[in-house]
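The values are calculated or read from the model by the stated rules, or taken from the named source; none is laboratory data. Owing to the predicted nature of the structure, the values given are computational and were not obtained by experimental measurement. Neighbour counts run over all protein chains shown; Cβ positions are idealised from the backbone, glycine included.
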Amino acid sequence: MKGLFNVFNKKKSKNEHWYFAKCISDGEEFRICGLNIWDLEWKPIRNNVEVIDPNYHNKYYFEEYEIKIENKKINFVAGEFSNLIWGFYLKDLSLVD
């Protein structure tokens, strides 16, 4: 599944300033600020954040989450494009390793 989407294609979600970061299989490593996202606790912030699939331009409604890394709060949007295939969106792509 690696390479399915370009990590830095810089496509924004339609209604907010969320940038598509990556699409991965469930459990596949994805690092934000050097830490694997699956090893961190995700705190749900809000539902129904509208995002656009960068390849097929389908609209999805994913959840916004917050993680803490070294006393810094980082928010991201994540959800499944299809069964066990996750899409991640960030406001700052420089956080992705």
>> Restricting to region 48-84, name every residue that is surrounded by 14 or more Cβ atoms within 10 Å (Cβ to Cβ) and among the small types (G, A, S).
In response: A78, G79
>> Checking the structure you have, find out if any residue of region 27-36 is touching a Lys or Arg at 6+ places or on another chain (Cβ under 7 Å), surrounded by 12 or more Cβ atoms within 10 Å (Cβ to Cβ), charged (D, E, K, R) and at pLDDT 90 or above.
In response: no
> Restricting attention to region 30-75, which residues are closer than 18 Å to K91 by Cα and either small (G, A, S) or not in a strand (DSSP E or B) (or both)?
Replying inline: F30, C33, G34, I37, W42, D53, P54
> Exactly one of (1) modelled with pLDDT of 90 or more; (2) in contact with a Ser or Thr (Cβ under 9 Å, 6 or more places away or on another chain) is unmet by K2. Its number?
Replying inline: (1)
